[in-house]
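Scroll down for the structure; my scribbles are underneath it.
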Amino acid sequence: MKKYLLFLLFISFGFSQSKVTIQDKEVNISENEAVVEVLGMVCSMCAFGIGEGFSKTDFIDKTKFKDGVSVDIDAQYVQLGLLESSNVNPEKIVQVIEDAGYDVNSLFILQNNKLIKFSADKLGILQPMAYNDTSNDNHFQMN
């Protein structure tokens, strides 16, 4: 029994998770995932174009979601599965969204038990806004 409890404890440390709120919708973000609030994404063709853009990148984990990308048109966000070994550059994520014709309002990346929030400043430059350790059950809210 003791070994079983230790095993469960060990397994639970491997699954970091946090929550962010986008357009009044709570989104769970797990280790090696990103959540992007996309401005102007309103239809399934928008979602398709964004998904196609990410399919050409080398940092998407295609075993998560559908080919590594999940899109919520109503709440206007994209959730990405990230390869564990990749060191994701947030500018690459933003570039894919912009190449599809949309703007990024905010971006959250959870890797190595660290949740980092990026927001565009007044000049449209992506800036890190917050850094936290996910062991504290982080919760970020965006309006």
Please compute the modelled spin-label separation between residue 95 and residue 48, points set 7 Å along Cα→Cβ, answer in nm with one decimal. 2.6
Per-residue accessible area, 1.4 Å probe, largest first, puts 74, 103, 58, 121 in the order 74, 58, 103, 121
Report the extension gain between residue 103 and residue 55 in nm, rounded to one decimal, defined as 0.36 nm multiplied by the number of residues separating them, less their alpha carbon distance. 15.4 nm
Cα gyration tensor of region 27-90 - equivalent ellipsoid semi-axes, whole Å, descending: 19, 13, 10
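The values are calculated or read from the model by the stated rules, or taken from the named source; none is laboratory data. Remember, predicted model here, so these are calculated numbers, not experimental data. So basically every Cβ, Gly included, is an ideal-geometry build from the backbone, and we count neighbours across all protein chains shown. Please note that ligands, DNA and RNA were not included when accessible areas were found on the heavy atoms of the full protein model with its side chains. Shrake-Rupley method; radii C 1.70, N 1.55, O 1.52, S 1.80 Å.
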